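For reference, the structure discussed in these notes is given below.
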């Protein structure tokens, strides 16, 4: 089955770096699992609120630059499941490397991939 992004996911990609949008748009067409974009570009105020309630650890989020997206796998109408999310992660890492981008421990950056998944300290 071929999936496509819904209006809400497309709306959440507004302001996101075009390379990231390309990754998400390609991923949905080749993914074996349906998913939705739950967050893209954030304002400083949105990030401050997430940090205040402990949902984020940093004010240096790549979401503030449009260089990150959060995806949720749809299982039975929207239940989150780690196994499916890991499949989405691996698919995204592969697509990112094709564009010269990297996955960095939950963050996407613009440095080339060097040794698979790198961690980037953001605190």
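Tabulated data
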read-out: Ranked 25, 32, criterion: other C-beta atoms within 10 Å, fewest first; value: 32, 25
read-out: Neighbour-count ranking [beta-carbon atoms within 10 angstrom, fewest first] of 92, 31; value: 31, 92
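Each value in this text was obtained by applying a stated rule to the coordinates, not by laboratory testing. Given the structure is predicted, the values throughout are model-derived calculations rather than measurements. Positions of Cβ are generated from backbone atoms using ideal geometry, with glycine treated the same way; all protein chains shown enter the neighbour counts.
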